[in-house]
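I have placed the structure first, in the form of structure tokens, so that the comments after it can refer back to it.
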Amino acid sequence: MRTDYSRSVRLGGLAAGVDESTLRERMEGSQVHLTADGHLPAVAETLEVLVADLRRWPVRLSLDPGRGPGRLDDALVRKLAETAAGIDPDRPLRIGEVLGEGPLRLHVGTEPLPDVAVAGAPDGHGTRLRHAGHPFPRLNAPGTGLGAVLTAAMLAGEAFKVVAGLPEGKFQVTPVVDFCPVLPGEQPGTAIAPPPALERVLLGGGGAIGTGVALILDLLRVSGKLTVVDREVFEKPNVTSYSTGTLADASALLPKVRLIAARLRRIKVIPFHGTIQDSIEAVDTGTLPWPRTVLGGLDSIDARHDLQRLQADLTLDGSTGGPVGTTVALHEALPTGPCLRCYYRANHTEKSAEQRLHELTGLPLARIARGQEPLTEKDLECLGDQQRELVQQFLGRPVCGLINSAELSGGTDDAFRPSAAFVAQQAACLVVGAWIARSTGLVNGPMRRIEYDTRFGPRPDQMTDYWTPTPGCTCQKDPGLISHVRETRRTIS
Ligand SMILES: [Zn+2]
């Protein structure tokens, strides 16, 4: 079983404006070299996430444990090598001094050598990044698991600009980054409130963002109970775009909820293998506890509307998207509005997948409806030359397979969506940061939408909007019904 780099390479290709094979060659020709200060708080957590994120690209990767008092201990180095091998056994993490010309050098710590391009260190729940020539200030607080994941994800983001070869104007190098996802306007290390234990919290979606949320909760050493809802199994392409899971997990086709439960060592997980709609029904029959806080990592508008129908006290929705899949966002939602329907309007004008396939291939809708029947020469007879050429390559395959084909779906199907762990992790940091802020009273007041493009980095002064309910939204038209539903669920559970 070989590692499938298709999704991370797709995102890189889109961002760099080159085809996927060019991007893959570019990455295979790149080398990233890591060093770290073994004394830095949360260095092990930061390196664990950073090594995994970089291993999710087909680059050459090496780590120098260093020497003297700040040397990384052997057990940690072994663990990092195992982490890399779990993602791609054919591309081991090379341990030792750097070989060859011109690798990109990254450092975890505040005192990098002069040849290091970018260094980063967690400061409390936040991060500080410095490009060469820009010294670090004194850190305010020991790094936490949230600070560690954010530092790793943003260092990987800096590496991405170089190894993907993003063209001028499509990214920005910010030599000094100070960012805290708990208090986005404040200096990192100011917010140091430990997260509370999870109680009546539900994680909706165990994909790229959901596994990122799980990774952060685990590294933050959060305890308590968490319901996790997802209907899919963990597959090979997920290994290079999710935050947890190995090639071995993918061959076992584990349900994603099981994968997350295995990762959360201090949390009692209630795995729910089904849709959000199924979980709502389970809440209403009393078989699943009604969540008061919902953390969302979903990828469709419909699923988000379902998530809102859980009518929790607070819903924190994470998303990735934008023109090339590098934009991250948080939406904070209330049952009284703004709700997730206020943020995400339903798009009723969108064409069905069958309709799009019909327009693209010329195959009659009635034929597309017989999805399981393989395409034959006879199906080509009614098509024009160009359409025949397109469909010919799929002879022998069932029609329904074409709906999910990258060439035909225009990249709208999840299986072909660009995705990278370092992007999804930054969305997950916004979600967990907001959860800490709201559950400890650090942030009160209006619901926020926070959004930035990871190619340009967070801009604390211009990435937050405060939202009010949308007039005419269900949350405004049926407040009585919503409060009745909430009251009923409160009595059931
Ligand atoms: Zn609404």
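The values are calculated or read from the model by the stated rules, or taken from the named source; none is laboratory data. It should be emphasised that the depicted structure is a prediction, and the values quoted were computed from it without experimental measurement. Heads up, the Cβs are rebuilt from the backbone with ideal geometry, glycines too, and the neighbour counts pull from every protein chain shown. Please note that ligands, DNA and RNA were not included when accessible areas were found on the heavy atoms of the full protein model with its side chains. Shrake-Rupley method; radii C 1.70, N 1.55, O 1.52, S 1.80 Å.
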If the chain between Lys236 and Gln462 were fully extended at 0.36 nm per residue, the gain over the current Cα-Cα distance would be 77.6 nm
Ranked output for segments 302-314, 49-61 by mean other Cβ atoms within 10 Å, highest leading, reads 49-61, 302-314
Regression test value, accessible area per residue of region 6-179, probe 1.4 Å, units Å², expected 39
Within the chain, the percent of DSSP beta bridges that are antiparallel, given to the nearest 5, stands at 45
Between Thr336 and His131, the two model label points (7 Å from Cα along the beta-carbon direction) sit apart by a distance in nm of 4.6
Expected field for Ile492, accessible surface area in Å² at 1.4 Å probe radius, rounded to 10, holds 70
Here the relative contact order (percent) of the chain, from C-alpha pairs under 8 Å and at least 6 apart, is 16
One point scatterer per Cα, no solvent, Debye formula: log10 I(q)/I(0) for region 166-282 at q = 0.15, 0.17, 0.22 Å⁻¹ comes out as -0.78, -0.90, -1.14
A chain fully extended from Ala193 to Glu389 at 0.36 nm per residue, minus the present Cα-Cα distance, gains in nm 64.4 nm
For region 61-199, the percent of all C-alpha pairs falling in each 10 Å bin, from 0 up to the bin holding the max distance, is 11, 35, 37, 16, 2, 0
Largest-first ranking of Arg26, Arg489, Arg138 by accessible area, probe 1.4 Å, whole protein assembly kept, is Arg138, Arg26, Arg489
Of Glu359, Glu48, ordered by accessible area with the largest first and a 1.4 Å probe, the sequence is Glu359, Glu48
Nearest-0.05 FRET efficiency for Asp278 and Thr470 at R0 = 25 Å, using Cβ-Cβ distance, is 0.35
So, with points 7 Å from each Cα along the Cβ direction, the Met1-His484 label distance in nm works out to 5.0
Sorted largest first, the C-alpha extents of the chain along its principal axes in whole angstrom are 72, 58, 41
For region 262-328, dividing by residue count, accessible area per residue (probe 1.4 Å) in Å² works out to 38
Expected sort for 258-264, 7-13 on mean C-beta neighbours within 10 Å, highest first, is 7-13, 258-264
Computed, not fitted: 222 nm per-residue ellipticity of the chain from DSSP H runs ≥ 4 (each -39500 (n - 2.57)), nearest 500, equal to -10500 deg cm²/dmol
Under 5 Å from the placed amide H of Tyr452, counting only residues 5+ away or on other chains, we find Val328
Between the alpha carbon centres of region 194-257 and region 454-470 the gap in Å comes to 26
Result: in the chain the number of Lys pairs with C-alpha under 26 Å apart, spaced 8 or more or on different chains, is 9
Percent antiparallel among DSSP beta bridges confined to region 6-179, rounded to 5, stands at 40
Carbon plus sulfur, as percent of the 1.4 Å-probe accessible area of the chain, comes to 51
Percent relative contact order for region 1-80, counting Cα pairs under 8 Å at least six residues apart, stands at 33
